[in-house]
Amino acid sequence: CRIVSLIPAATEIIYAVGAEDCLVGRSAYDDYPPRVEALPNVGRAIGANVERVVDRRPDLVLLIAGSDNARSVDDFQRLGVPSLVFQLNRLEELRSVIERLGRLLGREAAADSLWRSIDGELDRVAARTADVERPLVYYDIPYPPPITIGRGSYLDSLIVIAGGRNAFHDVGVPSPTISLGAIAVRDPDLILFPVAEEWGAATHPSERPLWSSLRAVRTGNVRRVEANPLHRLGPRIGHAVWALAE
């Protein structure tokens, strides 16, 4: 098999089930495990460079679903390049992606073991946080504009497992754009500030105009979290939730 993966989480799953020999290309964002960087980099995960992907002569291309990636999906279909499109917005979708890749790669037992390990880790965190006092949490996606997570995102589920309550759980889409006023109305106890090297220098909430009106900013309840494992719904998500709970 010859697979080009343009989904960093799927690439991690392929390595985790021991099928990395099938990979012949990866996106610029695939950086885990570190040895993945030895694979040819074919460019962006969304809005792929079709020519560079086709040059790898893949039997299959893995693509992320979404309106912002619809053109790439159409391009590969038009060229007759076999592709699989995966949705990874909700926690329950992780199991189906692991199982599907396991069947595709002939690694069903390894895929089953991987899912049971992740699920068990999530259960252990949930058990540890079952009786804690739950802070109201605002999750800060790179600013500006203010973007957060809603009920449609697996990160909403992870916040609950880790012992919190998502301030925008009432919003049904994965990553809504909101206003400072909407955050102030909810008055979160805690702001989670994800950082990632590939995002560059993000503006800390305390340095943003008018954000000092938020109680969490005034009281210093802003916590940096490592975005890379949290923002990939893949094999490392259990470890990421432990860190989030802490």
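The values are calculated or read from the model by the stated rules, or taken from the named source; none is laboratory data. Just so we're clear, the structure is a prediction, and the values are computed from it rather than from any experiment. No Cβ is skipped: glycine too gets one built from the backbone with ideal geometry, and neighbour counts run over all protein chains shown. When the accessible area is computed, the model is the full protein with side chains, heavy atoms only, and any ligands, DNA or RNA have been set aside. Shrake-Rupley method; radii C 1.70, N 1.55, O 1.52, S 1.80 Å.
Tabulated results
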read-out	value
Scope segment 180-203; condition open to solvent by 40 Å² or more (accessible area, probe 1.4 Å), small (Gly, Ala, Ser) and modelled with pLDDT of 95 or more; matching residues	Gly181, Ala184
Breaking point among (1) of a type outside the set (Phe, Trp, Tyr); (2) out of contact with any strand residue (DSSP E or B) (no Cβ under 9 Å at 6 or more places or on another chain); (3) without any contact (Cβ under 8 Å) to a residue 60 or more places away in the chain; (4) loosely packed, with under 14 Cβ neighbours inside 10 Å, for Ser117	(3)
Residue tally, condition in a loop (DSSP other than H, G, I, E, B) and either of a type in the set (Phe, Trp, Tyr) or more than 23 Å from Trp115 (Cβ to Cβ) (or both), over segment 217-239	3
Qualifying residue in segment 62-85 (condition: of a type in the set (D, E, K, R), without any contact (Cβ under 8 Å) to a residue 40 or more places away in the chain and assigned to a loop (DSSP other than H, G, I, E, B))	no
Selection from segment 125-181 of residues that are of a type in the set (A, V, I, L, M), free of Cβ contacts under 8 Å to residues at least 40 places away in the same chain and touching a Ser or Thr at 6+ places or on another chain (Cβ under 7 Å)	Ile147, Ile149, Ile178
Subset of segment 143-168 [in contact with a helix residue (DSSP H, G or I) (Cβ under 6 Å, 6 or more places away or on another chain), assigned to a loop (DSSP other than H, G, I, E, B) and either among the acidic types (Asp, Glu) or farther than 22 Å from Leu210 by Cα (or both)]	Ala162, Gly163
Any hit, segment 208-218, residues being polar (S, T, N, Q), surrounded by 17 or more Cβ atoms within 10 Å (Cβ to Cβ) and at negative phi	no
Subset of segment 66-94 [open to solvent by 60 Å² or more (accessible area, probe 1.4 Å), within 21 Å of Leu158 (Cα to Cα) and out of contact with any Phe, Trp or Tyr (no Cβ under 7 Å at 6 or more places or on another chain)]	Gln87, Glu92
Any hit, segment 137-152, residues being small (Gly, Ala, Ser) and open to solvent by less than 40 Å² (accessible area, probe 1.4 Å)	yes
Selection within segment 1-20 - over 16 Å from Ile237 (Cβ atoms) and within 17 Å of the chain's Cα centre (by Cα)	Ser5, Leu6
Segment 95-114, residues that are in contact with an Asp or Glu (Cβ under 9 Å, 6 or more places away or on another chain) and open to solvent by less than 60 Å² (accessible area, probe 1.4 Å)	Ile98, Gly102, Ala111
Residue satisfying all of: in segment 86-119; within 15 Å of the chain's Cα centre (by Cα), not in a helix (DSSP H, G or I) and not aliphatic (A, V, I, L, M); modelled with the highest pLDDT among these	Phe86
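So that you can scan it fast, the table gives a plain yes or no per residue for (1) out of contact with any strand residue (DSSP E or B) (no Cβ under 7 Å at 6 or more places or on another chain); (2) among the β-branched types (Val, Ile, Thr); (3) open to solvent by 10 Å² or more (accessible area, probe 1.4 Å); (4) assigned to a helix (DSSP H, G or I):
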position	(1), (2), (3), (4)
Thr11	no, yes, no, yes
Asp21	yes, no, yes, yes
Gly25	no, no, no, no
Asp31	yes, no, yes, no
Glu37	yes, no, yes, yes
Gly47	yes, no, yes, no
